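Take a look at the structure set out below.
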Amino acid sequence: MSRIGKKIITLPAGVTVNVDKSLVTVKGPKGELSQAIDPDITVEIEGSELQVVRPTEQKRHKALHGLYRALINNMVVGVSTGYRTEMEIVGVGYKASNQGNILELALGYSHSIFVAIPSELKVTTAMEKGQNPKVVLEGIDKQLIGQVAAKIKSLRKVEPYKGKGIRFTGEFVRRKAGKAAGKK
């Protein structure tokens, strides 16, 4: 039984949902998102509440039920409040800066790395004295923010000995002792 699929999505003020056969479009104060859904799954709107309904108890329908409910909920949250991801860059000499949607990273390689951020997202960087450089991604599409953040993070993965690399703010990094710990 899908617990996520059965949850009702409450639409905040200013958010409208339009269902056209197998395309769900959500409009809000921050923008507009659309998602194609399986023709078997139906979306019912009653006032300011939205519910995703599956036709049968087949395993495939159960899986799609929860999936599309989560995707539609992410769109509703995105167009009403938006999403934000913060990453910090840990390491001596590591830097981050941006000109518009071009992110420039100095990550200890012999060259700077330039990352083109999609126009749907807004990127900001902060380098304060005594703190690690920060990269902040903001936008309405949760999937796109996660994908871009994963791409940036893959440029310098966090290593377990000194903890250097790109990580999400507040992320726990499991550290290893190194070879000096074994010499006792």
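Treat the chain as a sphere of radius equal to its Kirkwood radius over Cα pairs and apply Stokes-Einstein at 20 °C in a medium of 1.002 mPa s; give the translational diffusion coefficient in µm²/s, rounded to a whole number.
112
Note the angle between two axes, namely the Cα long axis of helix 59-80 and the longest principal axis of the Cα atoms of the chain, as a number of degrees from 0 to 90, rounded to the nearest 10.
70
Which whole-percent values make up P(r) of segment 1-73 when all C-alpha to C-alpha distances are grouped in 5 Å steps starting at zero?
The percentages, shortest bin first, are 3, 17, 29, 26, 15, 7, 2, 0.
Do any of 134/176; 6/122; 134/157 go past 27 Å between their Cα atoms, and which?
6/122
Would you mind working out the accessible area per residue for the chain, using a 1.4 Å probe, and quoting it in Å²?
On a per-residue basis, 62 Å².
Can you work out the Karplus-derived ³J(HN,Hα) for every residue in segment 126-142? Use 6.51 cos²θ - 1.76 cosθ + 1.60 with θ = phi - 60°, whole Hz, and x for glycine or proline.
9, 10, 10, 5, x, 10, 6, x, 10, 10, 10, 10, 10, x, 9, 9, 4
Take the Cα pairs of segment 77-117, get the Kirkwood Rh, then feed it into Stokes-Einstein at 10 °C and 1.306 mPa s and tell me D in µm²/s.
Here the translational diffusion coefficient equals 132 µm²/s.
If you add up the charges near residue 56, with Lys and Arg at +1 and Asp and Glu at -1, over every other residue whose beta carbon is less than 13 angstrom from its beta carbon, what do you get?
Neighbour charge sum, excluding residue 56 itself: +1.
Excluding residues fewer than 8 places away in the same chain, name every one of the lysines whose C-alpha is closer than 30 Å to that of residue 7.
21, 27, 30, 59, 62, 142
Share of segment 108-184's accessible area from carbon and sulfur, percent, 1.4 Å?
Carbon and sulfur together cover 52 percent of it.
Per residue, what volume in Å³ does the Cα convex hull of segment 42-104 take up?
Dividing the Cα hull volume of segment 42-104 by its residues yields 153 Å³.
Find, among the chymotrypsin sites (Phe, Trp or Tyr not before Pro) in segment 80-184, those assigned to loop by DSSP (not H, G, I, E, B) with at most 10 other beta-carbon atoms within 10 angstrom.
For chymotrypsin sites (Phe, Trp or Tyr not before Pro) across segment 80-184 that sit outside H, G, I, E and B with at most 10 neighbouring Cβ atoms in 10 Å, the list reads 109, 161, 172.
The values are calculated or read from the model by the stated rules, or taken from the named source; none is laboratory data. Note that the structure is a prediction, hence the values are computed from the model and not measured. Positions of Cβ are generated from backbone atoms using ideal geometry, with glycine treated the same way; all protein chains shown enter the neighbour counts. For the accessible areas, the whole protein counts, side chains as well, though only heavy atoms, and no ligand, DNA or RNA atoms are used. Shrake-Rupley method; radii C 1.70, N 1.55, O 1.52, S 1.80 Å.
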